[in-house]
Amino acid sequence: MKYQSSRGKYGAVSAAQAITMGISPDGGLFVPGRIPSINIETLKQMESWTYQQRAAHVMQLFLEEFSPEEIEACVNGAYNQQKFDHAQIAPLIELEPGLNIQELWHGPTCAFKDMALQVLPRLLTTSANKIGENSEIIILVATSGDTGKAALEGFKDVPGTRIIVFFPQDGVSEVQKMQMITQEGNNVHVAGVLGNFDDAQNGVKNIFTSDQIIEQLQRQGMKMSSANSINWGRLLPQIVYYISAYVDLCQRGSIKLGETINIVVPTGNFGNILAAYYARRIGIPINRLICAANSNNVLTDFIRTGVYDRNRSFEKTISPSMDILISSNLERLLYELTGHDSQQVSQWMDELKDSGRYEVDETTHSQVQEIFWSDYATDAETLESITAVWNKYHYLLDTHTAVALNVYEKYQQQTGDNSCTVIASTASPFKFGSSVAQAILSPELIKGKNEFELLEALSVETAMSIPEAIKNIDKRKVRHHTVASAAEMEEVVLSFLNIE
Ligand SMILES: *Cc1c(COP(=O)(O)O)cnc(C)c1O
């Protein structure tokens, strides 16, 4: 199976090439040329399989040139009890019949990004070997907070790679910032950017497509690649857990094999929900994909009107990993829905770049509406959902997952659809502990406490322990001090790599 660029100006490549390159040189994203399928009988068999076996099966379908041994090595090296603190890797919790939470944050950095970023470095080094790529691979990452840390953990000390992470200096939580600037490893670099996530992401995209930098690196025997969800190797491992959730529901008798479910995803860059879309295309019986946004509701407007318009003010919310106005992975969806019309997709993306806006045609929009539904939650609504779920089920949601739950309630009210539903839970509540504390603790308990002290208070109140990865994070040694403007990002990269 070949992978194609969504912009159509670069030839089809193998899976190994697509993963090694990260993004296509024409600025497009790599998309599988054809989508494999899984039938009901296979889903039935999967009920008795471990998470690792399910992952290996699904990934093999998209990575034809990988041997089963190679895929097993990638999967078993990533999903094991040293890295994940839950034997099921992505456990499904039933809050009440029909309402399920899939916890995707049992990996080393307490956010769902680990599900992909523990396996991506292994896919990448295997891919590079396969295509005879000898260059040192430089991973460039722009992060809204969680990807950066997860990528640093995934790539630290991986031979033949170096990783450089840019995060918005004032756009991440204190815990997230401390997680990144205290990162250990001998191939890691971290810098704060004076700007928001979109500035950092645009900066990284410009560096990726700069012929001058590509050449400068080449002379040093280096090549850039991406760990953002523009890399197909990031998306593929995410398809697995939606399939696994469906199989779990069948196995425990919550649904009958073949019955349709809904999936709710708290969305920022459209990566995680796109993985659910691919699960649906593969043949998992999914009715609606519910796209939950925060006040940066550019996707909600797009799904409702067919107009994507990023010309609006950027809101800082208590679900910062979703504070995004340019959702990169939407490009892949448009490519799929237009039947791989790269010319049309290029035109929309050019319009987005030039004017910040594009409008899709009626046929494409009606397809979007058939599959997706969207609404958004304000910060106040998000906190209300955390409180309500804690009071009703004694289950603690993080702010992102609370956005999803809030939007799901709106969906049920407006549509009356009570099908069995899975909510993707994207972070541990402790990762965004100070906001969660506001929803759960009394004002007296919160007063005068900093973000780290609030974690302790939250732990005492809920009798839940703070995950190892975050415990005492404020007392660790800061190792990375660089802060730069968006315009200086190129220079920063070259100086990290000791290139004149
Ligand atoms: C990254 C992230 C999201 C958004 O995921 P996308 O793939 O960018 O849509 C949501 N919640 C958390 C906690 C995240 O880290």
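The values are calculated or read from the model by the stated rules, or taken from the named source; none is laboratory data. This structure is a prediction, so every number in the text was calculated from the model and none was measured. Methodologically, a virtual Cβ is constructed for each residue, glycine included, from the backbone with ideal geometry; neighbour enumeration extends over all protein chains shown.
For region 287-312, a tally of residues being of a type outside the set (Val, Ile, Thr) and outside any loop (DSSP other than H, G, I, E, B) returns 12. Screening residue 284 against (1) part of a strand (DSSP E or B); (2) away from the ligand (no atom under 15 Å from the Cβ) leaves a single unmet condition, (1). Filtering region 181-200 to residues that are surrounded by 24 or more Cβ atoms within 10 Å (Cβ to Cβ) and either more than 19 Å from residue 483 (Cβ to Cβ) or within 16 Å of the ligand (Cβ to nearest atom) (or both) leaves 197, 200.
Residue 367 satisfies every condition listed in (1) under 22 Å from residue 272 (Cβ atoms); (2) within 16 Å of the ligand (Cβ to nearest atom); (3) assigned to a helix (DSSP H, G or I) except (2). Among the residues of region 311-322, those identified as surrounded by 23 or more Cβ atoms within 10 Å (Cβ to Cβ) and more than 28 Å from residue 32 (Cα to Cα) are 318, 319, 320. Please work out which residue is nearest to the ligand (Cβ to nearest atom), limiting yourself to region 411-463 and to residues that are of a type in the set (Ser, Thr, Tyr) and in a helix (DSSP H, G or I). Residue satisfying both the conditions and the ranking: 435. For residue 160, are the conditions met, namely being crowded, with 20+ Cβ neighbours inside 10 Å, out of contact with any Lys or Arg (no Cβ under 7 Å at 6 or more places or on another chain) and under 25 Å from residue 23 (Cα atoms)? Spelling it out, it is not the case that residue 160 is crowded, with 20+ Cβ neighbours inside 10 Å, out of contact with any Lys or Arg (no Cβ under 7 Å at 6 or more places or on another chain) and under 25 Å from residue 23 (Cα atoms). Remark: residue 397 matches the filter, which requires a residue to be surrounded by 22 or more Cβ atoms within 10 Å (Cβ to Cβ), among the aliphatic types (A, V, I, L, M) and closer than 30 Å to residue 169 by Cβ. The numbered conditions (1) away from the ligand (no atom under 16 Å from the Cβ); (2) farther than 30 Å from residue 247 by Cβ; (3) part of a loop (DSSP other than H, G, I, E, B) are all true for residue 315 except (1).
Taking the conditions (1) touching a Gly at 6+ places or on another chain (Cβ under 8 Å); (2) surrounded by fewer than 18 Cβ atoms within 10 Å (Cβ to Cβ) in turn, residue 421 satisfies each one other than (2). Looking only at residues of region 253-278 that are part of a helix (DSSP H, G or I) and under 19 Å from residue 117 (Cα atoms), we find that the one that is farthest from the ligand (Cβ to nearest atom) is 278.
Among the residues of region 349-398, count how many are in contact with a strand residue (DSSP E or B) (Cβ under 8 Å, 6 or more places away or on another chain) and among the hydroxyl-bearing types (Ser, Thr, Tyr). Of the residues in that region, 5 qualify.
Only residues that are within 16 Å of residue 223 (Cβ to Cβ) and assigned to a helix (DSSP H, G or I): list them for region 12-27, please. Correct list: 16, 17, 18, 19, 20, 21. Residue count for region 97-147, restricted to those that are part of a helix (DSSP H, G or I) and either away from the ligand (no atom under 16 Å from the Cβ) or at pLDDT 95 or above (or both): 16. Taking region 318-364 as the range and being within 16 Å of the ligand (Cβ to nearest atom) and either part of a loop (DSSP other than H, G, I, E, B) or polar (S, T, N, Q) (or both) as the test, the residues that pass are 318, 319, 321, 323, 324, 325, 326, 327, 328, 329. Taking the stated definitions as given, is residue 151 within 16 Å of the ligand (Cβ to nearest atom), under 25 Å from residue 26 (Cβ atoms) and part of a helix (DSSP H, G or I)? So residue 151 passes the test.
One residue stands out among those in region 19-71 that are under 25 Å from residue 255 (Cβ atoms) and small (Gly, Ala, Ser): the one that is surrounded by the fewest Cβ atoms within 10 Å (Cβ to Cβ), which is 48. On the stretch given as region 209-244, residues that are within 16 Å of the ligand (Cβ to nearest atom), modelled with pLDDT of 95 or more and either of a type in the set (Gly, Ala, Ser) or not in a helix (DSSP H, G or I) (or both) total 1. Listed conditions (1) hydroxyl-bearing (Ser, Thr, Tyr); (2) touching a residue at least 60 places away in the same chain (Cβ under 8 Å); (3) part of a helix (DSSP H, G or I); (4) surrounded by fewer than 18 Cβ atoms within 10 Å (Cβ to Cβ) are all met by residue 408, apart from (4). Taking the condition closer than 22 Å to residue 265 by Cα and not acidic (Asp, Glu), does residue 90 pass? The answer is yes for residue 90. Pairs are defined by a Cβ separation below 6 Å, a sequence spacing of at least 6 or placement on different chains, a first member in region 321-335 that is among the basic types (Lys, Arg), and a second member that is in a loop (DSSP other than H, G, I, E, B); the pairs so defined are 332/29.
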